[in-house]
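For reference, the structure discussed in these notes is given below.
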Amino acid sequence: MEKAAGSPSVGGSYPQKNAEILSSQYGINLFLAGLLLTFAWAVHAVGISKSHLLSYLITLMLIQLLWMLWYLCRSCTQRRLIRDKDTHAGARWLKCGITLFAVITLILDSFKIGYYIDFSNCLSPTEGIFPVTHAVHTILQVYFLWCHAKDIIQSFKTLERFGVIHSVFTNLLLWTNGVLTESKHQLNEHKERLITLGFGNITIVLDDHAPQCNCTTTTLCSIFSQGIYYLYPFNIEYHILASTMLYVLWKNIGRKVEHHQQHKTPFKFHGITVGMIFGLMVLTSTIAIVVVYLIQIGRSKIKSELALTMFYLHAIFVLALMCTAGIIALLIYRLEDRSLDNSKNPARKLDAELLVGTAAGSWLLSWGSILAIICAQAHPKYTWYNLPYSVLVIIEKYIQNLFIIESIHREQEKVNDDIKTLRIVTVSRGSTLSLTPSYKEIYNGRAARDSGEVPCLFQGSICGRENGGGGGAKEETSQENSSVMHSASDFSFYSRNSVTNSKRRVLKNIAAFLFLCNLSLWIPPAFGCRPEYDNGLEEIVFGFEPWIIVVNLAMPFSIFYRMHSAASLFEVNCKT
């Protein structure tokens, strides 16, 4: 009887839980089918061509477009209804970031359309339809995420679960397709460098999917074909960001939220000058290193070794600085006594899981390099720099993950109202009183001197003097001593707050510095500066094909880790 009595409240969640399980299984099967199709095309499986893969992706995008249009139309009809929102999801800076990547993705689509027009005689029609469909899909999806990323869906929940999870895995498949295409291009360039350097002991076959016909306009074809691969890193980041935002939307379906005031945390440049200067120095030097590396690598054996040595030394210096900054931030956290926010938050949980999960990609590459250095019989001089580099990559990610995860879980500091209204009063031996601005006024960056009011803070000193008129010398002395005691107490409150503000300023500078460093470390692998390919030691120990497979699997996660860390550190900077 007790179970039956409680069944309406408990049983009501079962259909929604089943819908969540069914929709997740639908999405996984959708993804696995596309993944196998992508793999079959990559290995030139019999009967599978690129047109089959593109047809599958076009179908998925069209289904998502229909669902998004239906959702947007239904939202317009229910515009007057008050809906719950997840204030932590779909931050404005995240929307701006995905919009930037989407704009570059649209440029990529225009290049693909131009490439198809020039090679239209020997390309499948799907290669012309795909970029057009993808451009429409990108525009509508960005609009959808701007308007509805914070939604907590409470109606048509079962249908919406399938629609959102379909969108999540469609973006993951588009991400996989972009990663594979870009990796094949990088691998071909690496093989060409090996041919130039005269490696005859490695079987090298170029995996070329170039059209088997002449281009109508040679110059334009060259611009389109080369430009496409420089824009792929932005397309890859766009789809992975979209999939994470849609996943948070899926987790929020049917969620009950606690209504509480959410404090806005805008980004401010004030107070982070030091972190920004050092971070910009790292960013500038990294861009210079990448340019020199791409010019020198593959030209000759000596130039390649110098390029690798230069890359490793620069990366070791940057990673050492990042480790030091992260340790300082963690020490400051240990000195503070602040509670953690353990409330349910799908966006924050996903951020933490992605940080640890994607860090495994670069950890795999680092351990592979360490093992290769230990097991190799011959060690060229430049390969020894790979050992501290690989060790520092592992340590730096340990420290940075701990700093970011603790930062996003820490409750925002609330300034005590007693401290906010504190007024520091200095009483001289004479009749003149000097009043400094209140802490609240200092905190807000202005002094309320237009009000004309003098606060009656110390009843025994100031107000007593005004009301009492002519007291005795002994009474006046005791009042002055009382004022001095109060003033000393007030200064202790102020100095304590000054220490807190100094800690906060240091943390903000560290977050800003690490933000720019992660952007800097995203650039080299995203634009083809990959010593894991060019080092050569790992390929000798593990074999060419096994090591290349490991690099192609792990590198996309390593690249995403840097961009996701930069996004998380931007949030930490706003929150601190």
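Flag: ILE549 does not match the condition of being in contact with a Pro (Cβ under 7 Å, 6 or more places away or on another chain) and either open to solvent by less than 30 Å² (accessible area, probe 1.4 Å) or assigned to a helix (DSSP H, G or I) (or both).
Looking for something farther than 22 Å from ALA567 by Cβ, β-branched (Val, Ile, Thr) and at pLDDT 70 or above - is there at least one such residue anywhere in the range 402-418? Among the residues of the range 402-418, not one is farther than 22 Å from ALA567 by Cβ, β-branched (Val, Ile, Thr) and at pLDDT 70 or above, which makes the answer no. When the residues of the range 15-66 are filtered to those that are open to solvent by less than 70 Å² (accessible area, probe 1.4 Å) and among the aromatic types (Phe, Trp, Tyr), the one that is nearest to THR126 (Cα to Cα) is TYR56.
For LEU519, the conditions (1) more than 17 Å from the chain's Cα centre (by Cα); (2) open to solvent by 30 Å² or more (accessible area, probe 1.4 Å); (3) of a type in the set (A, V, I, L, M) are fulfilled apart from (1). Pairs meeting the criteria (first residue in the range 170-186 and in contact (Cβ under 8 Å) with a residue 40 or more places away in the chain, second residue acidic (Asp, Glu), beta carbons under 7 Å, at least 6 apart or on different chains) are LYS184/ASP207.
The combined condition, being of a type outside the set (Asp, Glu), part of a helix (DSSP H, G or I) and modelled with pLDDT of 80 or more, is fulfilled by CYS517. For the range 147-163, the condition of being outside any helix (DSSP H, G or I), more than 12 Å from MET68 (Cα to Cα) and basic (Lys, Arg) holds for at least one residue. The residue list PHE199, PHE278 contains one member that is open to solvent by 80 Å² or more (accessible area, probe 1.4 Å), modelled with pLDDT under 65 and aromatic (Phe, Trp, Tyr), which is PHE199.
Just the residues that are farther than 12 Å from LEU246 by Cα and in contact with a Leu (Cβ under 9 Å, 6 or more places away or on another chain), please, taken from the range 163-177. Once the filter is applied, which keeps residues that are farther than 12 Å from LEU246 by Cα and in contact with a Leu (Cβ under 9 Å, 6 or more places away or on another chain), the range 163-177 yields LEU173, LEU174, THR176, ASN177.
Which residue is modelled with the highest pLDDT, if the candidates are limited to the range 370-379 and must be within 23 Å of ALA320 (Cβ to Cβ) and open to solvent by less than 70 Å² (accessible area, probe 1.4 Å)? Quick ask: steps written out before the conclusion?
At the first step, the residues of the range 370-379 found to be within 23 Å of ALA320 (Cβ to Cβ) are 370-374, 379.
Of the ones still in play, those that are also open to solvent by less than 70 Å² (accessible area, probe 1.4 Å) are 370, 372-373, 379.
Values: ILE370: 92, ALA372: 89, ILE373: 89, HIS379: 78.
In this case the residue turns out to be ILE370.
If you go through the range 120-151 and keep only what is of a type outside the set (S, T, N, Q) and over 31 Å from the mean Cα position of the chain (by Cα), you end up with CYS122, LEU123, PRO125, GLU127, GLY128, ILE129. Summed over the range 215-254, the residues that are modelled with pLDDT of 80 or more, of a type in the set (S, T, N, Q) and not in a helix (DSSP H, G or I) give a count of 1.
Listed by first and then second residue, the pairs linking a residue in the range 276-298 that is in contact (Cβ under 8 Å) with a residue 24 or more places away in the chain to a residue that is open to solvent by 80 Å² or more (accessible area, probe 1.4 Å), with Cβ atoms under 6 Å apart and 6 or more places separating them unless they lie on different chains, are GLY298/THR196.
Does at least one position in the range 87-94 carry a residue that is open to solvent by 30 Å² or more (accessible area, probe 1.4 Å) and more than 21 Å from ARG348 (Cα to Cα)? No: the range 87-94 contains no residue that is open to solvent by 30 Å² or more (accessible area, probe 1.4 Å) and more than 21 Å from ARG348 (Cα to Cα).
Residue-level analysis places THR309 among those that are surrounded by fewer than 19 Cβ atoms within 10 Å (Cβ to Cβ), at negative phi and not hydrophobic (A, V, I, L, M, F, W, C). Please go through the range 133-169 and give me each residue that is in contact (Cβ under 8 Å) with a residue 12 or more places away in the chain and of a type in the set (A, V, I, L, M), ordered by number. Answer for the range 133-169, where residues must be in contact (Cβ under 8 Å) with a residue 12 or more places away in the chain and of a type in the set (A, V, I, L, M): ALA135, VAL136, ILE139, LEU140, VAL142, LEU145, ALA149, ILE152, ILE153, VAL164, ILE165, VAL168.
The values are calculated or read from the model by the stated rules, or taken from the named source; none is laboratory data. What you see is a predicted model; the values in this text were computed from it and never measured. Neighbour counts run over all protein chains shown; Cβ positions are idealised from the backbone, glycine included. Surface accessibility is based on the protein's heavy atoms, side chains included, excluding ligands, DNA and RNA. Shrake-Rupley method; radii C 1.70, N 1.55, O 1.52, S 1.80 Å.
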